[in-house]
């Protein structure tokens, strides 16, 4: 869409096909398929420096320092550019915390 100044912009939003899944059998089947039988926080995105996973891991580490937090961090996404650096950072920051990777399918 064109703006009166000549610049273009796109309205924010998500395609209508992306909706929460409420059907218990579907949720249970997905959890079973990926071995997610625990509470978790999900990150979905490419594993690369510009995604700032280091900051996410630091925040997760702070969260896990609180009593009663049983969640694990689940990372789902493909490997992007310079991903080795990000994986090294994940290894360093997640040594005492639970981080799981979902296979990229």
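The values are calculated or read from the model by the stated rules, or taken from the named source; none is laboratory data. Bear in mind the structure is a predicted one, so any value in this text is a computation, not a measurement. Heads up, the Cβs are rebuilt from the backbone with ideal geometry, glycines too, and the neighbour counts pull from every protein chain shown.
Residues that are assigned to a loop (DSSP other than H, G, I, E, B) and surrounded by 13 or more Cβ atoms within 10 Å (Cβ to Cβ) were ranked within the range 41-68; the one that is farthest from the chain's Cα centre (by Cα) is 48. The condition of being modelled with pLDDT of 90 or more and in contact with a helix residue (DSSP H, G or I) (Cβ under 6 Å, 6 or more places away or on another chain) holds for only one of 73, 27, that being 73.
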